[in-house]
Amino acid sequence: MDVKIENRIREFRKEKHLSQQKLAQAVGLKRRSIMAYENNTISPTLETAYKIAKVLEKEFTDVFIFK
């Protein structure tokens, strides 16, 4: 079974007026990790994905879309 995961990190990050650097700091990552997630180059771990959703003040399933 092939599962594709898309995300709305960039959209919600911009709504909160957060830079990639600020989001990365809040989650405990480097800016390039956030950039890679936003570009769908890599996917975050489940733990990191939940942290990102929490910082963005969104439900996990609103940020990460499974197709």
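Of all residues in region 26-60, those that are in contact (Cβ under 8 Å) with a residue 24 or more places away in the chain and part of a loop (DSSP other than H, G, I, E, B) total 5. One residue stands out in region 23-37 among those that are under 14 Å from Lys54 (Cα atoms) and more than 12 Å from the chain's Cα centre (by Cα): the one that is surrounded by the fewest Cβ atoms within 10 Å (Cβ to Cβ), namely Gly28.
The set of residues in region 4-25 that are within 18 Å of Phe64 (Cα to Cα), part of a helix (DSSP H, G or I) and either in contact (Cβ under 8 Å) with a residue 12 or more places away in the chain or charged (D, E, K, R) (or both) comprises Ile9, Arg10, Glu11, Phe12, Arg13, Lys14, Glu15, Gln20, Leu23.
Quick note: the coordinates plus some simple rules give every number you see, no bench work behind them. Predicted model, so just to flag it, every value in this text is computed and none were measured. So basically every Cβ, Gly included, is an ideal-geometry build from the backbone, and we count neighbours across all protein chains shown.
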